[in-house]
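The values are calculated or read from the model by the stated rules, or taken from the named source; none is laboratory data. This structure is a prediction, so every number in the text was calculated from the model and none was measured. In this analysis, Cβ positions are derived from the backbone assuming ideal geometry, glycine residues included, and neighbour counts consider all displayed protein chains.
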Amino acid sequence: MSTLKDKLRPYYKALKFQLNGANLEFDSESLPWIDRPDADVAGFLKTFPIPAGYPYDLKEKLEFWRENGYVILEQALPTAWLDGLWAEVEGVLREPQKHRIRALVDGVNNNRETQLENIPVEKIGSLGARLIEYHNSSVGARKVLAHPNLVTFLRAILGDDLALLQSLIFKFGSQQGVHQDFPWVRSNHASHMAAAWIPMEDVHPDSGPLFYYPGSHRIPKFNFGTGILYRDTESLRTPAEFEQYLTKTCEGQGLQKKTLLLKKGDVLFWHAALAHGGGKIANPALSRKSFVVHYSTTRSYPKHRWETGESTPSENVNGITIYANPENLAQENSLTGGKDW
């Protein structure tokens, strides 16, 4: 009987969702100001404090973001910081047993985050591998993701106190199919999220570069059967169907697929709903070293998602709240190579 109930439960929830008035858009009450129909960039900037010496035309960047769902901050980060950070990562990959850092490796641990010491050494830095929440361990990683050039733009688009939601370190291109981030990387308000892609080296066209559909952050949301968020045990439609929907809808609306070739030091920000993915790797010998970060707000993400009991500590780094990992407190800031940058 319980097995039958388990099978029927998703359909019951889908019916309940429809009867309650299916909402297939972001909640309008919590929508960031820049995504609202009446958003006035010039008016916003009259009250927004732009730091002296900010190297970008913020009005131009915000208007581009609003229209296209992404923006590039050219040479936003010191390349010496990125070189130092990647040297630290390579040290971790050489001696994984010394670090309680987790990783996901395609075909090895079936999307279950696993301690590096429990993953075959030859797989740790291979294609399909990514380090999880590296920022919790690395002082240098925190400095990179909270650089003033990045924080100023994030504060402008999200309009609230900032929080770090997730980070990933890749050595090779992900080759991930087209997707939007908000159904998977979740907090209390799906719209309170912006992602950054930080290349740790110049991107080669044969390394599986990022691709994206400018303007796709405005297409109608996909209904997984029980709403716009994907839930493993409840959703009636699959990630593969989601990918097919995004491709068909973007092409149907005349949105052009573009490939991004950034230089080390550049930073790409993209909207929670921008359709994007990883291109095919034409030359497996080429790396595409990347630091991917998802940001939210403290209103939407008030505590670490793994927190179950007492509140875990947090640190404010240049205006971004970073929650300690409650499952690995001993590892916090254990990699200190970036402290003198």
Using the structure shown, decide if Gly177 is free of Cβ contacts under 8 Å to residues at least 60 places away in the same chain, within 30 Å of Cys250 (Cα to Cα) and touching a strand residue (DSSP E or B) at 6+ places or on another chain (Cβ under 7 Å). no
Taking strands (runs of 3 or more DSSP E) that fall entirely within the stretch 285-341, which contain at least 2 residues that are within 17 Å of the chain's Cα centre (by Cα) and over 23 Å from Asp160 (Cβ atoms)? 290-297
With the requirement that a residue be farther than 23 Å from Pro220 by Cα, among the charged types (D, E, K, R) and touching a Pro at 6+ places or on another chain (Cβ under 8 Å), what does the stretch 250-282 give you? Lys263, Lys264, Asp266
Run Pro96 past the list (1) in contact with a helix residue (DSSP H, G or I) (Cβ under 7 Å, 6 or more places away or on another chain); (2) within 27 Å of Gly279 (Cα to Cα); (3) free of Cβ contacts under 8 Å to residues at least 40 places away in the same chain and report the number of the one that doesn't hold. (2)
Just give me the residues in the stretch 82-97 being over 21 Å from Asp266 (Cβ atoms) and part of a helix (DSSP H, G or I), in sequence order. Glu90, Gly91, Val92, Leu93, Arg94, Pro96, Gln97
Give me the helices (runs of 4 or more DSSP H) completely within the stretch 98-176, filtered to those with at least 1 residues that are surrounded by fewer than 19 Cβ atoms within 10 Å (Cβ to Cβ), ordered by residue number. 121-124, 148-158
I need the full set of residues from the stretch 163-204 which are among the hydroxyl-bearing types (Ser, Thr, Tyr) and out of contact with any His (no Cβ under 8 Å at 6 or more places or on another chain), in order please. Ser174, Ser187, Ser191
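Yes or no, residue by residue, for (1) at pLDDT below 95; (2) out of contact with any strand residue (DSSP E or B) (no Cβ under 7 Å at 6 or more places or on another chain); (3) within 27 Å of His135 (Cα to Cα); (4) surrounded by 15 or more Cβ atoms within 10 Å (Cβ to Cβ):
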site: Pro209; (1), (2), (3), (4): no, no, yes, yes
site: Ser235; (1), (2), (3), (4): yes, yes, no, yes
site: Glu251; (1), (2), (3), (4): no, yes, no, no
site: Ala273; (1), (2), (3), (4): no, yes, yes, yes
Using the structure shown, decide if Leu274 is within 29 Å of Thr152 (Cβ to Cβ) and assigned to a loop (DSSP other than H, G, I, E, B). yes
Within the set of pairs 6+ apart or on separate chains, which have a first residue in the stretch 123-142 that is free of Cβ contacts under 8 Å to residues at least 60 places away in the same chain, a second that is in a helix (DSSP H, G or I) and of a type outside the set (A, V, I, L, M), and C-beta atoms under 9 Å apart? Ile124/Pro96; Gly125/Glu90; Gly125/Arg94; Ala129/Lys123
Pairs only if they're at least six apart or on different chains, beta carbon under 8 angstrom, first in the stretch 30-41 and closer than 17 Å to His189 by Cβ and assigned to a helix (DSSP H, G or I), second among the small types (Gly, Ala, Ser) and at pLDDT 95 or above; list them, first residue then second. Trp33/Ala39; Ile34/Ala156; Asp35/Ser191
Exception for Leu229 within (1) without any contact (Cβ under 8 Å) to a residue 60 or more places away in the chain; (2) among the aliphatic types (A, V, I, L, M); (3) closer than 25 Å to Asn333 by Cβ falls at (3)
